[in-house]
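Encoded as structure tokens, the structure appears first; notes follow it.
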Amino acid sequence: MKLATLRTGGTTRAVRLEGDRLVDLGAPDLGALLAERDWASRAAAAGDTSYPREGADFAPLVPRPSKVVCVGLNYRDHIQEMGRELPEHPTLFAKFADSLVGANDAVVRPAETEKFDWEAELALVVGAPVRRARGADAEAAIAGFTVLNDITCRDWQFRTREWLQGKTWDSTTPVGPYLVTPDELPGGVRPKLGLSLSVDGETMQSDSTGDLLFDPVALVEYVSTVVRLNPGDLIATGTPGGVGHARTPARFLSGGETVVTEIEGLGRLENRVITEDAA
């Protein structure tokens with residue numbers, strides 16, 4: 001299944017993609033749907049109301065997750081381009097829900113940064129409450145996968161050894177458009193999918209999610225050891241090589257660019273970068 005949160009009539013609705021229509025699932029958003037114990041059955045059921053896929057206005061996939069956990073340094077080529085050693089454990093940081101925007105929303109470049117950078121990522125969506133999950137329980141907790149762009153203020157990120165202040169600026173993190181369930185993906189809960197990012201049509205990143213050092217199941221195991229994961233929580237699994245900060249010379253987003261982030265089988269983010277004083 002492909003599920004999403006649609007903006008319509010001044011509100012939002014959880015929907016399922018069926019051909020060229022988006023079927024209303026009777027919940028206000030995907031987070032509310034995933035909170036239901038039998039969410040998968042409800043998501044697969046027929047609906048009386050639908051909306052056209054053409055011109056759909058997608059909200060952030062889960063508008064208000066209880067947490068967004070992100071993983072740094074999880075592709076070998078990105079670790080090498082950033083001049084770091086391969087980690088023994090996942091490198092974790094967090095985002096707040098206020099940083100999230102929809103699949104085609106504008107991304108707001110803050111006035112305070114001069115180093116606004118892109119990071120294409122596979123994100124997993126949690127579908128069941130888990131704590132200290134292992135093996136099959138960790139696999140079963142993965143509702144599906146989506147596309148995320150962890151756009152980063154590098155100058156703020158590297159002010160200190162902690163990364164939060166560079167990663168969670170308002171309206172900088174597009175996510176969506178769809179949650180795609182593992183049964184539709186090669187590799188299932190460890191999907192092997194082509195990933196790419198372009199800026200104004202120029203390819204900046206191209207890799208496979210099969211190259212993750214810590215795969216999605218391992219990340220659910222690790223993160224749920226630290227904190228309870230709730231339905232609708234997001235784990236962004238890290239970015240491959242090709243970020244602007246590591247280029248020679250470095251390249252950053254100044255405003256006016258169109259950034260396209262795509263993952264095979266999951267969908268496409270297309271976001272215009274606007275400066276904050278134009279927001």
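The values are calculated or read from the model by the stated rules, or taken from the named source; none is laboratory data. Model, not experiment: these values are computed from the prediction. Heads up, the Cβs are rebuilt from the backbone with ideal geometry, glycines too, and the neighbour counts pull from every protein chain shown.
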Scanning region 44-94 for residues that are within 19 Å of residue 157 (Cα to Cα), at pLDDT 95 or above and in contact with an Asp or Glu (Cβ under 8 Å, 6 or more places away or on another chain), the one surrounded by the most Cβ atoms within 10 Å (Cβ to Cβ) turns out to be 70
Filtering strands (runs of 3 or more DSSP E) wholly in region 199-279 for at least 2 residues that are of a type in the set (Asp, Glu) and more than 20 Å from residue 167 (Cα to Cα) gives 202-208
Among 105, 150, 137, the single one that is under 22 Å from residue 177 (Cβ atoms), acidic (Asp, Glu) and surrounded by fewer than 23 Cβ atoms within 10 Å (Cβ to Cβ) is 105
Going through region 197-230 in order, the residues found to be surrounded by fewer than 21 Cβ atoms within 10 Å (Cβ to Cβ), within 25 Å of residue 272 (Cα to Cα) and acidic (Asp, Glu) are 200, 202
Of the listed residues (114, 162, 121), the one being at pLDDT below 95 and either buried (at least 24 other Cβ atoms within 10 Å of the Cβ) or over 24 Å from residue 30 (Cβ atoms) (or both) is 162
Filter region 105-120 for residues that are of a type outside the set (Lys, Arg) and outside any loop (DSSP other than H, G, I, E, B); the one that is farthest from residue 276 (Cα to Cα) is 120
inquiry  = One residue is enough: does region 18-29 have a residue meeting the conditions surrounded by fewer than 15 Cβ atoms within 10 Å (Cβ to Cβ), modelled with pLDDT of 95 or more and closer than 24 Å to residue 130 by Cα?
reply    = yes
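This table checks each residue for (1) assigned to a helix (DSSP H, G or I); (2) touching a residue at least 60 places away in the same chain (Cβ under 8 Å); (3) at negative phi; (4) not basic (Lys, Arg).
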site: 65; (1), (2), (3), (4): no, yes, yes, yes
site: 70; (1), (2), (3), (4): no, yes, yes, yes
site: 77; (1), (2), (3), (4): yes, yes, yes, yes
site: 85; (1), (2), (3), (4): no, no, yes, yes
site: 93; (1), (2), (3), (4): no, yes, yes, yes
site: 98; (1), (2), (3), (4): yes, yes, yes, yes
site: 103; (1), (2), (3), (4): no, yes, yes, yes
